[in-house]
Amino acid sequence: SRVPARRSARHLSAAAKKPSLGSALKIFCHAAVVVMVNSQASGSPVIQAVAGGTRVDLRPWLSLPFEGDSWFVRPTFAWRHTAYSLEPGFGPAVTDDAPSRSLPITSLDAGLFMDRDTHWRGERYLQTLEPRLFYLHAPYRDQSGIPLFDTRPLTFSWGQLFRDTRYSGADRQS
């Protein structure tokens, strides 16, 4: 579609915005449930009880964005601590009734905004290019002893490229 060309004065000014400091605290209770599964041996339904528990997820973060008229750099540092209190008999993979995980998460998000007036077939258009770089570092932690309450991998999409995790819940961090 045709976009009217616009003139924009790009300056080489830069400013550090106010640092943003925040935190997220989420408490999730997973109730004990009874599920019906098919027995592998006989193929008939078997009633199985699954124990419950509580999860507390704390994520304080600090970010100091720098922005100019045609660029931005946003460094962010976060600390994620997730702790559980599980009922006895939660499952064979979970041997600890109070597992926890703590890890630092750092990211750097940077981008440019480049646009220019262009002509094509006698019409004026605004051509825009916005390259972006996103670096994320979350150190490896063995998470096999942590239960899965509500966490699932996200479907790959454009927005997922700039997230700090690949999962929808707090039980896994990558």
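Computed from the coordinates by the stated procedures, all read-outs in this text should not be read as laboratory data. Predicted, not measured: the structure shown is a model, and the values here were computed from it. As a convention, Cβ positions derive from the backbone with ideal geometry for all residues, glycine included, and neighbour counts pool all protein chains shown.
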Report task. Report yes if some residue within the range 157-168 is at negative phi, hydrophobic (A, V, I, L, M, F, W, C) and not in a loop (DSSP other than H, G, I, E, B); otherwise report no. Result -> yes
Query raised in the report: Based on what the data block shows, is ASP150 acidic (Asp, Glu), in contact with a Leu (Cβ under 6 Å, 6 or more places away or on another chain) and surrounded by fewer than 16 Cβ atoms within 10 Å (Cβ to Cβ)?
Result: no
Query raised in the report: For the range 54-135, which fully contained strands (runs of 3 or more DSSP E) count at least 3 residues that are loosely packed, with under 12 Cβ neighbours inside 10 Å and among the small types (Gly, Ala, Ser)?
Result: none
